[in-house]
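The values are calculated or read from the model by the stated rules, or taken from the named source; none is laboratory data. This one's a predicted model, so the numbers in the text were calculated from it and none came from an experiment. Virtual Cβ from ideal backbone geometry, glycine too; neighbours counted across all protein chains shown. We work out accessible area using only protein heavy atoms, side chains counted, and drop any ligands, DNA or RNA first. Shrake-Rupley method; radii C 1.70, N 1.55, O 1.52, S 1.80 Å.
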There are 2 protein chains.
Amino acid sequence: MPREITAFSNETVKRVRSLRDKKHRRREGLFLAEGLRILTEAEEVGHLPEILFYAKASAEHPIVQRLTAAVEDMGGDVIETIPDILHKLSGKDNPQTVIGVYAERLTPLKAIDRSLADIWIVAQSLRDPGNLGTILRTGDAVGAGGLILIDDCVDPFSVEAVRASMGALFTQSIVQTRWEDFVPWLREGPGQLIGTSLNTDTDYQTPVYDRPAFIMVGNEARGLPPEYEAECDLLVKMPMRGKADSLNAAVATAVMAYEILNQHRRA
Amino acid sequence: MPREITAFSNETVKRVRSLRDKKHRRREGLFLAEGLRILTEAEEVGHLPEILFYAKASAEHPIVQRLTAAVEDMGGDVIETIPDILHKLSGKDNPQTVIGVYAERLTPLKAIDRSLADIWIVAQSLRDPGNLGTILRTGDAVGAGGLILIDDCVDPFSVEAVRASMGALFTQSIVQTRWEDFVPWLREGPGQLIGTSLNTDTDYQTPVYDRPAFIMVGNEARGLPPEYEAECDLLVKMPMRGKADSLNAAVATAVMAYEILNQHRRA
């Protein structure tokens, strides 16, 4: 049976609220995801929350009923609560009707089987959680295998990144590693490392892209460091017809990923 | 000569601070842009701020000196200030060294010359300022003429949208109009209205795109209303290889815009 919590001072509420801070996420190994859509996508790929909050007013919603039953079957904690507490947990003015607390799911680099997908995305020092989540969402759309985070990327389990991923956080493998470990792993097997860069004249539609293709995207402000570009098998650029010389990092990744997907599906 | 302001209670500081609210932007017809990069891009296309704030510590920076001279020549207000006031104005923890206050620059629909560009972007009820700014930035990159906002889109002059546009706010024409006015205007001249939709089997790489192409993107959560889709000359969809069925709105717009640009540059 669900338990009911309506007090802000409740220990579970305080503990879950603290997961909006990275420090607490790291310590607990847990993160927050919100909304029927994202929680349903998680469930469809086999991920249930350890703790599920739902608004009392939504108790009869069929998806809420299915989720609560599934979480209870698994021995999880199901909590019926009030909109003000959902608001406090999510930080949004219009909180979602459900919030789930999930175990963080990072994949070790060595556990990645690159043959499972034709596209992988590599991000270096990406700082914007919205960009990170959007890249995960794009990765899901193009059938990528996962996102490999290098150097000091923003936390993929932040509330903003989870929100922007629209559930792709649960379908994409996520790796956190260092450049010194990534390069030897990459070179142990097949795979083409492709960087988008201003330091090239190669149009992104010119090369033939191998499988698997590893698309590497750099920091939003600085792009890729020179030594990272030097390691790339290909540097390419998109045509720029305006005054500016760059695209948003998530946009550039998507334009590149669809070019590779389009080549692969023609082949 | 620049004047120096170091008091939070200063009337100009309070007035400029209020421009973070849409209500005040509308009343004053002014908006904020921050950072040397964006202010320089604005200057390059002939836009100078009416008020320019710069950090005293950056007074010797050559770009700051060029900007202050240009704003003074134009009779604008140049203000030397302290980091705490720049922080208060921008709302960012690490404020930029310059903040400019610009006149809002909307273009009436009737003043748009569609023959000036091969791509135009139309957004309907777009709600996220980051998406709107990112779409402007992509529009600049693909050589679009501008962004036509339909229905209740988020304010293009919000601080977040200006920031995400990375200066493209100054290079792209921006129109705010209603669907009932847009459709008759569109049909007065050449132009293909293209919607991305789940309600079609047409792959986005199949059609031949005319010039000018009008790419229409819908609300982040709901997509385009059925009657808007019915008005489109083409409905297309991107391949989706994952669990989810959609892309971020700014990402979908960019993938579409690059496909059209690629077709046009091959032709």
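Of the trypsin sites (Lys or Arg not before Pro) found in segment A:155-241, those in coil by DSSP whose Cβ has at most 13 other Cβ atoms within 10 Å are A:178, A:222. Calculate the FRET efficiency for residue A:198 and residue B:179 from the Cβ-Cβ distance with a Förster distance of 45 Å, rounded to the nearest 0.05. So the FRET efficiency works out to roughly 0.70.
The A and B chains share an interface that buries close to 3000 Å² of accessible area, total over both sides, probe 1.4 Å. A crude spin-label estimate for the pair residue A:103 and residue A:18, with each label 7 Å from Cα along the Cβ direction, gives 2.1 nm.
The simple spin-label model puts a point 7 Å past each Cα toward its Cβ; for residue A:69 and residue B:74 those points are separated by 6.5 nm. Peptide B:253-263 is shielded by partner chain Cβ atoms: per residue, an average of 5 of them sit within 10 Å of its Cβ. Sorted from closest to farthest, the other copies place their residue A:37 label points 2.9 nm away, with each point set 7 Å from Cα along Cα→Cβ. Taken over the Cα atoms of segment B:122-210, the convex hull encloses 115 Å³ per residue.
Provide, for q = 0.09, 0.10 Å⁻¹, the log10 of I(q)/I(0) from a solvent-free Debye sum over equal Cα point scatterers in chain B. For the requested q values the scattering log ratios are -0.46, -0.55. Where the centre of each part is set by its Cα atoms, how far does segment A:88-160 sit from segment B:235-267, in angstrom? So the separation of the two Cα centres works out to 21 Å. Computed from point charges on the beta carbon alone (+1 for Lys and Arg, -1 for Asp and Glu), the dipole magnitude for segment B:109-266 about its Cα centre is near 480 Debye. Each Lys or Arg adds one and each Asp or Glu subtracts one; over the other residues with Cβ under 11 Å from the Cβ of residue B:188, this totals +3. Annotation: per residue accessible area for chain A equals 41 Å², rounded to a whole number [probe 1.4 Å, protein chains only].
For the protein assembly as shown, the fraction of C-alpha pairs farther apart than 43 angstrom is 21 percent.
Set against the 2.2 N^0.38 Å expectation for a compact globular protein, segment A:54-202 has a Cα radius of gyration ratio of 1.27.
Where does the Debye-calculated log10 I(q)/I(0) of segment A:3-103 sit at q = 0.10, 0.16 Å⁻¹, using only Cα point scatterers of equal weight, no solvent? Here the Debye-derived log intensity ratios amount to -0.23, -0.61.
A Cβ-based charge dipole, computed about the Cα centre of segment A:1-116 with Lys and Arg at +1 and Asp and Glu at -1, lands at about 700 debye. For the protein assembly as shown, the fraction of 1.4 Å probe accessible surface lying on carbon and sulfur atoms is 48 percent.
Placing unit charges on the Cβ atoms only, positive for Lys and Arg and negative for Asp and Glu, gives chain A a dipole magnitude near 400 debye about its Cα centre. Taking every alpha-carbon pair in segment B:109-266 and binning the separations at 10 Å intervals from zero gives 11, 45, 37, 7, 0 percent. A label point on residue B:5, set 7 Å along the Cα-to-Cβ line, lies at 4.6 nm from each of its counterparts in the other copies, closest listed first. Solvent-accessible area of residue A:120, all protein chains in place: 10 Å² (probe radius 1.4 Å, heavy atoms, ligands and nucleic acids excluded).
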